[in-house]
Amino acid sequence: MRRLMLSGLFPCLVWAGGIATDWSGLLKGVESGDQVWLEKVPEFAAKADVKQAAALEDALSIALSKNTSGVLETLNIIDAKTWPHMIGTDIVCGVPAELFTTDAMVEDFYQRTRLALLETDRGATCLWILEATYEEWKADQARQIK
């Protein structure tokens, strides 16, 4: 009888477990640049709300210098479709200055990401966006000093 009850509950347990997404684990995995996690991004982009999509794009930005070709490949997928809240290359390739607490951290991110993009022949658009947003950030910093 217990087995019968448990087997009747099993589909409900599986269904309930399928709804919950460990977003913090996903974001950490994506930030690491691990290809397995990067391949999951489109699946999660399809169901992400606004806040989750922004966090996913931030994680891709952080991963850009760690696995440049993997992130660029993921961005090709993201850019090729319409997602509820993901923008893609235009956001991911920019300097995410709001993620960093010091100017030195922003500079470090920029230098690491720039060098990583220069090592690939597929990152020209991303490099252009990185350079443009970095120059914009520098101009904002200069205005704040005055």
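The alpha-carbon atoms of the chain, seen along their principal axes, cover 76, 35, 25 angstrom, with the largest extent given first. Amide H contacts of Val95 (H built 1.01 Å from N, in plane; Pro and chain starts excluded): Thr133, Tyr134 sit under 5 Å, all sequence-distant by 5 or more or on other chains. For segment 117-134 and segment 89-106, what is the separation of their Cα centres, given in Å? One Cα centre to the other: 14 Å.
Take every pair of alpha-carbon atoms less than 8 Å apart whose residues are at least six positions apart; their mean separation over the length of the chain yields a relative contact order of 20 percent. For segment 19-146, the solvent-accessible area of protein heavy atoms averages 56 Å² per residue (probe radius 1.4 Å; ligands and nucleic acids excluded).
For the chain, complete DSSP H runs whose alpha carbons reach 15 Å or more along their own long axis and whose mean Kyte-Doolittle score is 1.0 or higher are 2-19. Across the accessible surface of the chain, with the other protein chains kept in place and a 1.4 Å probe, carbon and sulfur atoms take up 59 percent. Here segment 25-109 is treated as an ellipsoid with the same Cα gyration tensor; its semi-axes, largest first and in whole Å, are 20, 14, 12. Our summary of shape: the Cα atoms of segment 73-146 have principal axis extents of 43, 31, 18 Å, ordered from largest down, in whole angstrom.
Dipole magnitude for segment 40-114: about 260 debye, using +1 per Lys or Arg Cβ and -1 per Asp or Glu Cβ, origin at the Cα centre.
The values are calculated or read from the model by the stated rules, or taken from the named source; none is laboratory data. Just so it is clear, the structure is predicted and the values come from calculations on it, not from any experiment. All Cβ positions, glycine included, derive from the backbone under ideal geometry; neighbour counts span all protein chains shown. The area values use the complete protein model at the heavy-atom level, side chains included, leaving out ligands, DNA and RNA. Shrake-Rupley method; radii C 1.70, N 1.55, O 1.52, S 1.80 Å.
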